[in-house]
Amino acid sequence: MKSTLPSHETWLARLTDHLQEERYHSGTARQCIAVARSFLAFLERRRTALADAQPETVERYLKLAGRKYRERHGHSPKYEGWRCSHTNGIHMLLRMVHGQWPPAPRPANPFELYRRKQCDDFAASLVESRGLAPETVAERWDEACRFLDWLAERATVDLAGLSVGDVDVYMKHRAGPLRRPSIKGVATKLRSFLRWLHATGKTTRDLSGAVIAPSMYAFESIPSALRPQDVQRILSIARQDRTAKGLRDYAILILLARYGVRAGEITGLRLEDLDWHKEIIRIRHSKTGGTSYLPLLPEVGEAILTYLQKARPRTSSRELFIRNRAPFRAFRSGSSLYTPIRRRIDAAEVPVGGKRGPHTFRHARAVSMIRASVTLKAIGDVLGHRASDSTLVYLKLATEDLRAIALEIPAEVKQ
């Protein structure tokens, strides 16, 4: 088994280089290397190649490490923190070996192999023919797999014999715990899969039209929005946090509050999108694909400049906002901002009905422009709307303004 040691040492050297490149804290790096070395020794004792390691292999190692911890300290470790410290280095090492971790589960039987091929082919077609975003493709892949699993449970995997009745029963099965918007989302994904099945000759007829979804009416709901005084309180409380994380979050909050941009447009901002000489900021609208050039307001520019000078980690990444902990990388997507923004809202003790994320600032900005008598066209341009109908939804939020123009109900009608 000694012949495997050079290979293990090579992987440890690569892991060390990776930790240094990503600027992990020296203590964290030492912990990751120590655990990875212990894991490699565990594999060697069991004559298991590193390339053959699977999630269950890691679990067996953790059980052994936990048992040794209890023998040494007389009690079990605090599970979550201990588990994280004992898996970070191992997972990094295994991502280097496998390319991803955890690896895609191996098909356990011919049906799983068949299901994966169908769903993978479906996903590939979504990318090649429609150019859908990775998140959308992943969601539709999941629904396709779920549908095929459901058919297998009913012993009706013969797609050629798929019927309208099968589709109806599946939708009823899926709709059980879901709200109307979620049911509509399931229907959209299922229709996409059924269209692909017919287009590729796997079903004799196109059953996508048989998928029944609930009707969603335009403007039927009122979106969550912050009041102007709430926005100012959140900004005021956040500005008092002068830590690196606080400076970053305040710069994000001021962008949300003053421009009403989407979360994905903030995470997509790059250093070159700021023209300091012309005092312009470029916003790439993630939903419509358009681009807006907006004036760089003094308070926004000041907040961003403070973040760049005092808080932004040193990194080769060109994205403006960077994670505050190693690995120092850009946020994965706009949804990554939901938790930090919600925490800032909670810290300000601001009551918000409904969602408590970045979009509440977008709605608040729209209302403030409506109350300032800004035209719907101008509001749509600032918010990056492609159609005026998208802007009309915010009229519902200006309830006090709508009351001012409400018509009196005639007395005879009241009676």
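Distance from the C-alpha centroid of segment 43-97 to that of segment 269-321: 42 Å, rounded to the whole angstrom. Which FRET efficiency value, to the nearest 0.05, is calculated for Asp168 and Thr200 with the Förster distance at 22 angstrom and r the Cβ-Cβ distance? Once the sixth-power term is evaluated, E becomes 0.45. The helix-based estimate of mean residue ellipticity at 222 nm for the chain, built from -39,500 (n - 2.57) per DSSP H run of four or more residues and divided by its residue count, is -18000 deg cm²/dmol to the nearest 500. Taking the number of Cβ atoms within 10 Å of each Cβ as an exposure proxy, the fewest-first ranking of Lys189, Lys117, Lys78 is Lys78, Lys117, Lys189.
Listing Leu15, Leu297, Leu43 from fewest to most neighbouring C-beta atoms within 10 Å gives Leu297, Leu43, Leu15. Rounded if a/c is under 1.5, else prolate if a/b beats b/c, else oblate: with a ≥ b ≥ c from the C-alpha gyration tensor eigenvalues square-rooted, which is segment 256-375? Oblate, because a/c is 1.5 or more while a/b does not exceed b/c. Assuming R0 = 60 Å, what is the FRET efficiency of Arg47 and Ser129, from their Cβ-Cβ distance, to the nearest 0.05? After rounding to 0.05, the efficiency reads 0.80. Which trypsin sites (Lys or Arg not before Pro) from segment 220-288 combine a DSSP loop assignment with at most 16 other Cβ atoms within 10 Å? Taking segment 220-288 and a limit of 16 other Cβ atoms within 10 Å, the loop trypsin sites (Lys or Arg not before Pro) found are Arg242, Lys278, Lys287.
For segment 110-210, divide the Cα radius of gyration by the Kirkwood radius and give the resulting Rg/Rh value with two decimals. Working shown, then result.
Numbers: Rg = 12.9 Å, Rh = 13.8 Å.
Ratio of gyration radius to Kirkwood radius for segment 110-210: 0.93.
The relative contact order of segment 172-282 comes to 13 percent, based on Cα pairs under 8 Å that sit 6 or more residues apart. Computed from the C-alpha gyration tensor, the three semi-axes of the ellipsoid equivalent to segment 2-98 are 21, 18, 11 Å, from longest to shortest. Taking other residues whose beta carbon is less than 15 angstrom from the beta carbon of Arg106, and scoring Lys, Arg as +1 and Asp, Glu as -1, yields -1. By the equivalent-ellipsoid construction on the alpha carbon gyration tensor, the chain comes out with semi-axes of 44, 36, 21 Å, ordered largest to smallest.
Once you list every other residue whose beta carbon is under 13 Å from the beta carbon of Leu207, what net charge do they have if Lys and Arg are +1 and Asp and Glu are -1?
Details: positive: Arg191, Arg195, Lys202, Arg205; negative: Asp166, Asp168, Asp206.
Summing Lys/Arg as +1 and Asp/Glu as -1 gives +1.
Taking each residue as 0.36 nm, the span from Ser85 to Thr10 lengthens on full extension beyond its C-alpha to C-alpha distance by 24.8 nm.
In the neighborhood of Pro298, defined by Cβ-to-Cβ distances under 11 Å, what is the net charge if each Lys or Arg adds +1 and each Asp or Glu adds -1? Spell out each step's value before the answer.
On the way: positive: Arg258; negative: Glu279, Glu299, Glu302.
Around Pro298, the surrounding residues sum to -2.
How long is the gain from Val97 to Ser236 if the chain were fully straight, where each residue apart is worth 0.36 nm and the alpha carbon distance is subtracted? Could you put the intermediate results ahead of the total?
Values: separation 139, 0.36 × 139 = 50.04 nm, distance 4.70 nm.
Here the segment from Val97 to Ser236 would lengthen by 45.3 nm.
Site pair Leu178 and Glu153 shows an inter-label distance of 1.4 nm when each label is modelled 7 Å from Cα along Cα→Cβ. Per-residue Cβ neighbour counts within 10 Å put Thr203, Thr291 in the sequence Thr291, Thr203, beginning with the fewest. Modelled label positions at His73 and Arg332, each set 7 Å beyond Cα in the direction of Cβ, lie 2.8 nm from each other. Label separation (Lys117 vs Leu64): 3.8 nm, computed from points 7 Å beyond Cα along the C-beta direction. Applying 1/(1 + (r/R0)^6) with r as the Cβ-Cβ distance of Thr315 and Thr339 and R0 = 30 angstrom yields a FRET efficiency of 0.90.
From the C-alpha gyration tensor of segment 40-185, pull out the three semi-axes of the equivalent ellipsoid (sqrt of 5λ each), sorted largest to smallest, in whole Å.
Its equivalent ellipsoid spans semi-axes of 40, 19, 17 Å.
Taken together, the values in this text are just the output of simple stated rules run on the coordinates, not laboratory data. Note that the structure is predicted; figures quoted are calculated from it, not measured. Note that each Cβ is placed from the backbone with ideal geometry, even for glycine, and that neighbours are counted across all protein chains shown.
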